[in-house]
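I have placed the structure first, in the form of structure tokens, so that the comments after it can refer back to it.
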Amino acid sequence: MVTWIALTGLASVASVVSLTLTGPGGRAPAPLEWGAGPLTVAALPRITYVAHRGGAREVPENSMAGLTTAYERGTAQVLDFDARLLRDGTPVVFHDETLNRTTYLGGAVGGLDAREWQGVRLRPKDRLPGSWRSERPPTVAEVLDRFGGRIVLMLEAKDPRSLDRLAELIRARGLTRSVFVNSNDPEVARRVHRLGLLAQLWRSAQQLRTDRPERWRSFVDLLDVDHRARDADLVRAVNSGIARVWAHTVLTDAQRDRVLALGCGGVITDAPGRLARAAQRGARP
């Protein structure tokens, strides 16, 4: 069942303002693209910045406008978003199980079908910089079509039932080496690997206390660790033999500098524009 939430403040989000950062001489940096073929993880830099949900402190999370802005800014090499299933099996870009927090509707995401999804509108947060219009959350297919092969993508499969459908969408676009598929469950990560996709596994600080990450190195391509974990737990993850160990969800310069000093090779952040610019100005790369 879907219920309406009062459309308060709708006028304030009626237009969208470009928040593209400017480079030397006032020029906007070019979007991050490498070569003529699909961009793959092999092209990522030694230290990688990930725009978590598009950069949820800078843009409306999991929105096409937000992902586009993060892409055009050129400060993140990976765009992160979440995937949920509608009632008819359509994968859509959405974090929560219900519509209440980020849209003008209420009720379960899985209670809608693709036709009903056309009526959903995001409710941008008042504290976001700039002005943003209310828009429909995209489908996973739309995000893959817009950004696939132009920048590395990271999607969290909130519902493991979606894996076969997600694999179809990724394979059909030739993006098996360009999209990380994320889960908190090692068995889901193992299944992602068996489907021929890039498997990402995220773990909380509490989980990392007893985890033995070396057990996962045969099927996990990216270990996504909580920056709040103890130093020893982060070092154990870095030394696990898993090729990539990145830290989430980093918000400050000090948090970034700590995880990089401990050996993490990536920063998953809600503020990629600010943190990446700070690094370019001379903070730890």
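The values are calculated or read from the model by the stated rules, or taken from the named source; none is laboratory data. All values reported here derive from a predicted model rather than from experimental measurement. Cβ: placed from backbone, ideal geometry, glycine included. Neighbour counts: every protein chain shown. With ligands, DNA and RNA removed, areas are computed over all heavy atoms of the protein, side chains included. Shrake-Rupley method; radii C 1.70, N 1.55, O 1.52, S 1.80 Å.
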Original post:
For His227, what accessible area in Å² do you get when you roll a 1.4 Å probe over the heavy atoms of the protein chains, rounding to the nearest 10?
Top reply: 20
Subject >> Which labelled figure in (1) 75, 73, 32; (2) 49, 48, 40; (3) 54, 44, 30 is Cα extents along the principal axes in Å, once derived from the coordinates >> reply: (2)
**OP:** Give the long-range amide H neighbours of Val267: residues separated by 5 or more places, or on another chain, with amide H under 5 Å away, using H modelled in the peptide plane at 1.01 Å from N.
**Re:** Thr48, Tyr49, Val50, Ala247
Original post:
Taking the DSSP beta bridges in the chain as the whole, what percent of them are antiparallel, to the nearest 5?
Top reply: 20
Subject >> Solvent-accessible area per residue, Å², over the chain with all protein chains present [probe radius 1.4 Å] >> reply: 44
Subject >> Exposed GluC sites (Glu not before Pro) absent: longest stretch of the chain, with sites in DSSP loops and at most 14 other Cβ within 10 Å deemed exposed >> reply: 98-285
Original post:
Residues with amide H under 5 Å of Glu135's amide H, sequence separation 5 or more or different chain, H placed in the peptide plane at 1.01 Å from N; which?
Top reply: Leu122
**OP:** Rounded to whole Hz and in sequence order, give me ³J(HN,Hα) for the stretch 198-212 from the Karplus expression 6.51 cos²θ - 1.76 cosθ + 1.60, θ = phi - 60°, writing x for Gly and Pro.
**Re:** 7, 9, 10, 10, 9, 9, 7, 4, 5, 5, 5, 4, 10, 5, 10
**OP:** Please build a GNM for the chain, connecting alpha carbons under 10 Å apart, and tell me which residue among Arg194, Arg177, Arg228 fluctuates the most.
**Re:** Arg194
**OP:** Note down the accessible area of Met64, probe 1.4 Å, to the nearest 10 Å².
**Re:** 50
Original post:
Carbon and sulfur: what percent of the stretch 121-168's accessible surface (1.4 Å probe)?
Top reply: 40
Original post:
Counting Lys +1, Arg +1, Asp -1, Glu -1, what net charge surrounds Asp270 among other residues with beta carbon under 13 Å of its beta carbon?
Top reply: +3
Subject >> Alpha-carbon centroid distance for the pair the stretch 68-84 / the stretch 220-285, whole angstrom >> reply: 17
**OP:** Taking every Cα atom in the stretch 143-285, find the radius of gyration and the maximum pairwise distance Dmax, and write them in Å.
**Re:** 15.4, 44
Subject >> Cα-centred dipole magnitude for the chain, charges only on beta-carbon of K, R (+1) and D, E (-1), debye, nearest 20 >> reply: 500
**OP:** Please tell me the relative contact order of the stretch 93-173 in percent, rounded to the nearest whole number, where contacts are Cα pairs under 8 Å and at least six residues apart.
**Re:** 22
